[in-house]
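Quick notes on the structure that follows.
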Amino acid sequence: FHAPHLPVVAGADDQALYPGTDLYERNYFGCISALDREVGRIRANLREWGVAEDTMVWFCSDNGPEGKAGSAPGSAAILRGRKRDLYEGGIRVPGILECPRRVEAGSVTSFAAFTSDYLPTIVDFLGLTYPDDRPIDGISLRSVIEEGASVRPAPMGFLYRSRAAWTEQRFKLYRDKPGQDWQLYDLAEDPSEKNDLADR
């Protein structure tokens, strides 16, 4: 799904669900309502076709909220930064996996993962092999799904323009541009990334 990515344009029926808001908000919230309805339609079809129990449905955002805080919908809550930042507000988003035969409804984990983990996870569950020895950025999440693993065995790297971040289970290295000093954050104790620990 593209929604509610810019440009946000909702249909008239979905806009009408949000009277008393400005046009931008009606379109933004209307897009989210349309998205919700269509995800529901996909899930209903999977049940109708008898494959819902074994189908993995993954849902997450690709990044934090667009625009400046206070002038655009969406919130990163206590997290620092927004879209285009490699601080947690730009990259940490909720993720949902529905696969009833493998995931108990209501299960929650704080395991750090990213969309690069989807392919290795699906390949692992299907018992497939890769066609060659190309590098794979992600890891299989099978141990999280089946055994409730809580420690990520491999770090996650992020690049955006000149910015770089390297995150593992607890600590995160960050810098805005090459040649600049690295910042270090303890995400377990400081998810808002207020206390740079690099000098320690």
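The values are calculated or read from the model by the stated rules, or taken from the named source; none is laboratory data. Everything numeric in this text was worked out from a predicted model, so none of it was measured. Don't worry about glycine lacking a Cβ; one is built from the backbone with ideal geometry, like all the others, and counts go over all protein chains shown. Each accessible area value is taken on the protein alone, full model and side chains, heavy atoms only, with ligands, DNA and RNA left out. Shrake-Rupley method; radii C 1.70, N 1.55, O 1.52, S 1.80 Å.
Can ALA44 be described as within 26 Å of VAL144 (Cβ to Cβ) and either without any contact (Cβ under 8 Å) to a residue 12 or more places away in the chain or assigned to a loop (DSSP other than H, G, I, E, B) (or both)? Spell out the reasoning first.
Numbers: within 26 Å of VAL144 (Cβ to Cβ): no; either without any contact (Cβ under 8 Å) to a residue 12 or more places away in the chain or assigned to a loop (DSSP other than H, G, I, E, B) (or both): yes.
No: the conditions fail for ALA44.
Go through (1) out of contact with any Pro (no Cβ under 7 Å at 6 or more places or on another chain); (2) open to solvent by 60 Å² or more (accessible area, probe 1.4 Å) for PRO120 and report which single condition fails.
Of (1) out of contact with any Pro (no Cβ under 7 Å at 6 or more places or on another chain); (2) open to solvent by 60 Å² or more (accessible area, probe 1.4 Å), only one is false for PRO120: (2).
Please go through region 166-187 and pick out each residue that is open to solvent by less than 40 Å² (accessible area, probe 1.4 Å) and under 25 Å from VAL108 (Cα atoms). Write out each step before concluding.
Of region 166-187, the ones open to solvent by less than 40 Å² (accessible area, probe 1.4 Å) are 167, 172, 174, 183, 185-187.
If the condition is that a residue be open to solvent by less than 40 Å² (accessible area, probe 1.4 Å) and under 25 Å from VAL108 (Cα atoms), then THR167, LYS172, TYR185, ASP186, LEU187 are the ones that fit.
Across region 108-145, what is the number of residues that are without any contact (Cβ under 8 Å) to a residue 40 or more places away in the chain, out of contact with any helix residue (DSSP H, G or I) (no Cβ under 9 Å at 6 or more places or on another chain) and of a type in the set (S, T, N, Q)?
1
Filtering region 126-159 down to residues that are outside any helix (DSSP H, G or I) and among the acidic types (Asp, Glu), which residue is least open to solvent (accessible area, probe 1.4 Å)? Let's see the steps before the verdict.
Let us first name the residues in region 126-159 that are outside any helix (DSSP H, G or I), namely 127-141, 148-159.
Imposing the further condition that a residue be among the acidic types (Asp, Glu) reduces the set to 132-133, 137.
On the way: ASP132: 77, ASP133: 147, ASP137: 120 Å².
By that ranking, first place goes to ASP132.
Determine whether region 7-15 contains at least one residue that is crowded, with 19+ Cβ neighbours inside 10 Å, at pLDDT below 95 and in contact with a strand residue (DSSP E or B) (Cβ under 9 Å, 6 or more places away or on another chain).
Within region 7-15, none of the residues are crowded, with 19+ Cβ neighbours inside 10 Å, at pLDDT below 95 and in contact with a strand residue (DSSP E or B) (Cβ under 9 Å, 6 or more places away or on another chain).
Looking at region 32-56, which of the residues that are hydrophobic (A, V, I, L, M, F, W, C), open to solvent by less than 40 Å² (accessible area, probe 1.4 Å) and out of contact with any helix residue (DSSP H, G or I) (no Cβ under 7 Å at 6 or more places or on another chain) is nearest to GLY70 (Cα to Cα)?
Per the criteria, the residue is LEU35.
Please go through region 67-107 and pick out each residue that is without any contact (Cβ under 8 Å) to a residue 60 or more places away in the chain, outside any loop (DSSP other than H, G, I, E, B) and of a type outside the set (Gly, Ala, Ser).
ILE96, LEU97, GLU98
Yes or no, residue by residue, for (1) small (Gly, Ala, Ser); (2) touching a Leu at 6+ places or on another chain (Cβ under 6 Å):
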position	(1), (2)
HIS2	no, no
LEU6	no, no
ASP13	no, no
GLY40	yes, no
ARG43	no, no
TRP58	no, yes
PRO94	no, no
ARG102	no, no
GLY106	yes, no
